[in-house]
Amino acid sequence: MILWINGAFGSGKTSAAFELNRRLPHSFVYDPENVGYFIRRNTNGLFSDEDFQDIPLWREMNYKILRMIAEKYDGTLIVPMTLVNPGYYSEIIERLVSDGIEVKHYILYVSPGEIKRRLRKRSFGIRNADFAIDAINRCVNSFDNHITDVKIHTDKMSIDEVVEKLADLAGLQLAAGRLTGIRKLIFRAKVYCRHM
């Protein structure tokens, strides 16, 4: 099964994905962004200024890789990726579903003000959050009007609550419990550093 976690940049997709992976046996996180980085690094700068989702090869490669993994892996494949273009959603998610692959797609829905607060908090002045902030209205518009699958309103939810809601909606049994204290801080810091 593929569990796709969608949402605006800064909605908590990556944090939720890795926490879900930690708590869910026989699962792993697949990051479609890595295909974009591969394309950029191996095309002599031809696509360095583009959103790699706009590159047809990015969409085709991710569709084929996800299909291949889903056909061979009997666990849960967790995919945290913002996908707001309805055509791109169709090219990847709807195409996988039409191939008979079980895809559970959920949107972490966050208000624009809360997204801005989270982006500023996580940037520490190091990462440039302009792209993510500029995309807020595009994301919210898409989730309100075009890609309207199950939404989880997360403004007031912790990562643990989001993970438990995702598992409940997807019919998954979590094995590990919540982390607390310093172990929780260390785990979240590792996820943040890995994703940077």
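The values are calculated or read from the model by the stated rules, or taken from the named source; none is laboratory data. Note that the structure is predicted; figures quoted are calculated from it, not measured. Every residue, glycine among them, receives a Cβ derived from its backbone with ideal geometry; neighbour counts consider all protein chains shown.
At a glance:
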quantity	calculated
Selection from segment 16-58 of residues that are under 20 Å from V163 (Cβ atoms), hydroxyl-bearing (S, T, Y) and surrounded by fewer than 14 Cβ atoms within 10 Å (Cβ to Cβ)	none
Residue match in segment 6-15 (condition: in contact with a helix residue (DSSP H, G or I) (Cβ under 6 Å, 6 or more places away or on another chain), aromatic (F, W, Y) and surrounded by 13 or more Cβ atoms within 10 Å (Cβ to Cβ))	yes
Given (1) touching a Pro at 6+ places or on another chain (Cβ under 9 Å); (2) surrounded by 19 or more Cβ atoms within 10 Å (Cβ to Cβ), index of the condition G75 fails	(2)
Search result, residues across segment 7-51 that are hydrophobic (A, V, I, L, M, F, W, C) and modelled with pLDDT under 90	F9, L46, F47
